[in-house]
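Written out below as structure tokens is the structure these notes cover.
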Amino acid sequence: MAPERLIGVSDSEDEEQKNNAQTAPDDAIPIFRARAIQPTSKYEGLDYDICENELWDKEQLTKDPHLKIKKDFARWIVSLFIGILTALVGCAIAISIEEISKIKYSWLQQAVRLNINHGDLVMPYVYYVIMNALPVMIGSLLVTYIEPVATGSGIPLVKCYLNGIKIPKVVRLKTLVVKAIGVVTSVCGGLAGGKEGPMVHCGAVIAAGISQGKSSSFNKDFKMFRYFRDDHEKRDFVVCGASAGVAAAFGAPIGGLLFALEEAASFWNQSLIWRTLFSAIVSSFTLNLVLSAYHGLENFTYHGLFNLGEFEALPFEYFELPIFMLMGVFGGLSGAFWIKINTSLNIFRDKCIKQKWIRVIEAIMVAAVSASFACLMMYLINDCRPLGNDPTINPVQLFCEDNEYNAAAALWFQTPESSVRSLFHDPPGSHKITTLMVFVPIYFFLSNITYGLMVSLGIFIPCLLVGAAWGRLAASFLALGFPGSTFINPGKYALIGAAAQLGGTVRMNISLAVILVETTGNIWFALPIILALTSAKWMGDYFNEGIYDTQIKVSKVPFLHWHSPNKFLVTKANKIMSEQVVCVRMKESVEYIVNILKNTSYHGFPVVDQVDDINRNSGRLRGFILRTQLIVILKRSFFEETKRFWEQKISIEAFRDEYPRFPSIDDIKLSNDKLAYKYTINMEIFMNPSPYKVHQATSVPRIFMLFRALGLRHLVVVNDDNHVTGIISRKDFLK
């Protein structure tokens, strides 16, 4: 469904699931989940819970007494580099887009001028279509065939990852490369999108890569930051990366922190807040430094990729506040309508457009449609304005007189970010009402069909551009209704319209308000912005959820929101749990372990007392062991019978070395000697001896809060005698 490709899994993963579903010829394996309604999500959780087994205890007792200080210092160093590298990637994207766009639009300006003089309107249109289609084709080919997870903005993917969902390849280096190139080609190809949203995803990938001290893509281990190689530590750094991405995009470090708090991160502590803010500040400062130097600015005023320019003071009258609230209501309605159409369109795409080459053709066609609408507006609307009033670098004369430019063409002959800036700062009377009335529905339509293509771009800029256009249009109508009024400032109403449209689509209040205040530098205008955003959110929430939450919901991702669904209000654990559970004994045969790993795809197994073979589920709960731990045990041959060879050398590093790409059971080559399968594994030193568990009569809302607050992946359900009666994963909340 979703433009973020949330519901797709790779071909290799599909094949792995098919292999796991095969029945073992030698041994009957108990069914892990036996219920009338099967969870429908394809996504697994991440192991945020720390496994405090004997190996972990041993490390705590024998580690360097100064290791805690070293780790804290290393966290700050990693946070520093996250901010710097995120900003540098943002600078590379911004400079590439700016230079390519300059060449594109200056060449098109000359083509229009030369051909219009000869009365030829066809060739400029053909050139425009070609120069839109070529870069979009390149970007779409990369996303479709190289890394589909790089599609869209990536914000829903990052939200899912930080919520505890394992999204395949979401923080890989290849994803970052395809994302960066894809954003450049999409924006330069004239699609209705921007580079700001994808910066969140770029920052998350950078953070995940730096914090591990190794590259799985290049099969290179730098032997650094080994103690950060688990899902718990990696998650915290990804929070810093997401915040740094927002700070780089908008030059808003406080807004980046609040974005991570409001939209992205699910788990917080005080030290993480400080490191997140630090990464955001470093990212914003680095980008300011580099881009200001690149543009030859001496006072370092290039605050972010989305640079709105300096706003003059925007005073407002108190009687305008109801107008701003009404604009927020309209933004909420417009955003809800946009989400409804876009969601239906993307569901249709996933059902009916499955071939990759057709998705590439679709992206090229949308690029051509964008050029077609632009040319129609330029050719049919006579909106001539004197030169000097428009900040466009490449003003187009078209059918206007000498020393005039076409204001309708000015909206298209620049990047969407530049168009937003123009609508904010153009003097009164820079656009005809007709121009804006035609532009708003066209760009609303283009942004809707674009968000969902197999390309990399975000939704922030199209929403801001549509909102700024109808906000400026509202100011024009007010000027007609109240001639001579001094309070009507087109830039002010464009800003409120932009906030309302964006708020009605993404439904962020706190972070978006701070981002807009920091971006515009108008702290005294915070009240109107907050009123517009709040009105937009309340109105939009009446009809549907925000675009990111809607994508997650339709994709059936087991995402845990802040509160338990109302349908579980009086439900108990035994109503949603998996009733038959694959358990392992304290000392288990290798043969049984290999069989359950090959014939199930489950990621955790309760450990019970030593009972007979056919009554494993009758034992009392002793601990919990993960699939990845069992695979490492088999790979390293940590068997009870060979204990004398490895007991003194084993450490938790053996498991960290395999993170994050643990091998599959099919990759494990055991001895062909049948006796090897008679070996046993002692779970005592590997398992988590104190897993989280609940009684079968515990209420589901209480269980939900445990999952939400602790980031659990599995929760064992027991009866009065501490016997395992079921197991709950986050998928069970989708029932």
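The values are calculated or read from the model by the stated rules, or taken from the named source; none is laboratory data. Just so we're clear, the structure is a prediction, and the values are computed from it rather than from any experiment. Virtual Cβ from ideal backbone geometry, glycine too; neighbours counted across all protein chains shown. Note: areas computed on protein heavy atoms with side chains; ligands, DNA, RNA excluded. Shrake-Rupley method; radii C 1.70, N 1.55, O 1.52, S 1.80 Å.
For the reader, a short list of remarks on this structure follows.
- Set Lys68/Lys166; Lys354/Lys567; Lys42/Lys220; Lys70/Lys223 screened for pairs whose C-alpha atoms are more than 24 Å apart: Lys68/Lys166; Lys354/Lys567; Lys42/Lys220
- Here Leu258 sits with roughly 40 square angstrom of accessible surface, probe radius 1.4 Å.
- Quarter of the Cα convex hull surface for segment 103-164, i.e. its orientation-mean projected area (nm²): 5.8 nm²
- Per residue, the convex hull spanned by the Cα atoms of the chain amounts to 166 cubic angstrom.
- Compactness of segment 67-294 - radius of gyration and Dmax, Cα, Å: 19.8, 76
- Rolling a 1.4 angstrom probe over the protein heavy atoms with all chains in place gives segment 67-294 an accessible area of 35 Å² per residue.
- Each peptide in 466-475, 532-541, 625-634 gets a packing score, the mean of other Cβ atoms within 10 Å over its residues, and the list from highest to lowest is 466-475, 532-541, 625-634.
- Cα gyration tensor shape for segment 187-260, rounded if a/c is under 1.5, else prolate or oblate: oblate
- All aspartates and glutamates inside 20 Å of Lys575 as judged from Cα atoms, apart from same-chain residues fewer than 8 positions distant: Asp720, Asp721, Asp732
- Here segment 67-294 is treated with +1 on each Lys and Arg Cβ and -1 on each Asp and Glu Cβ, and its dipole about the Cα centre works out to around 800 debye.
- Cysteine residues of the chain whose Cβ has no partner cysteine Cβ closer than 4.7 Å: Cys51, Cys91, Cys160, Cys188, Cys202, Cys240, Cys352, Cys375, Cys463, Cys583.
- Accessible surface ranking that places the most exposed of Ser79, Ser271 first, with a 1.4 angstrom probe: Ser271, Ser79
- Expressed as a whole percent, the accessible area of the chain that falls on carbon and sulfur atoms is 62 (1.4 Å probe).
- Size of charge dipole - the chain - debye, nearest 20, with Cβ of Lys, Arg +1 and Asp, Glu -1, no other charges: 1320 debye
- Farthest toward positive dipole pole in segment 42-171 [+1 Lys/Arg, -1 Asp/Glu at C-beta], among Ile146, Asn117, Trp56: Asn117
- Cross-link reach is defined here as a Cα-Cα straight distance under 14 Å, omitting same-chain residues fewer than 8 places apart; for Lys492 the aspartates and glutamates meeting it are Glu310, Glu312, Glu317, Glu320, Asp426.
- Note on the chain: helix-only mean residue ellipticity at 222 nm, from DSSP H runs of 4+ residues weighted -39500 (n - 2.57) and normalised by residue number, equals -17500 deg cm²/dmol.
- Reachable aspartates and glutamates, given that their alpha-carbon falls under 13 Å from the alpha-carbon of Lys553 and they are not under 8 places away in the same chain: Glu4, Glu545
- Virtual spin-label span in nm between Lys354 and Leu114, 7 Å along Cα→Cβ: 4.8 nm
- Within the full protein context, the accessible area of Leu387 is estimated at about 90 Å² for a probe radius of 1.4 Å.
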